[in-house]
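Okay, structure first, notes after.
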Amino acid sequence: MQETPVDKHQFSTLILQAFLSVLLGGFLLVFVIGLAIIGIQLVYAGRIFPGVQVGQVNIGGKSVDQALLSLIDAVTYPQTGSLHLQYQTGFWEVTPEQIGVSFDPGTTLQNAYKNRSLKITFLIKIMQI
């Protein structure tokens, strides 16, 4: 079986086509990822990204106001929790609030909403939905 020789012109044309195909594919990939990021930013404008939790409270996908209500309803430990303090023969039962433990849901939500950095894991999670 005899090999068919490829002339230099055909070979350089093939190399150029392969290079341009890879280059175009790279540009398309960057363009699609950019569109996905812009689309997700638009879909979740005014809302907290999915998957964000404060303690055991899922606030992802909610507006800041909805998340604030969820946190106020769910986080009651500073007011209703109970701490048992003991020193030698003395024993005291106090709430966390009585010794200065507090929870500021407003600041927590500002941080959750402000730090809207888009990560690749989030993109993958969204694309699986």
Item to check | Extension gain (nm, one decimal) between residue 41 and residue 8, 0.36 nm per residue minus Cα-Cα | outcome: 6.9 nm
Checklist entry - How big, in percent, is the set of alpha carbon pairs in region 1-117 lying more than 20 Å apart? => result 67
Next on the checklist: If I stretch the segment between residue 53 and residue 74 completely, what's the gain in nm (0.36 nm per residue apart, minus their alpha carbon distance), one decimal?
Outcome noted: 6.4 nm
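The numbers here are math on the coordinates, done by the rules we state, and not lab data. As the structure is a computational prediction, the values presented were derived from the model and not from experiment.
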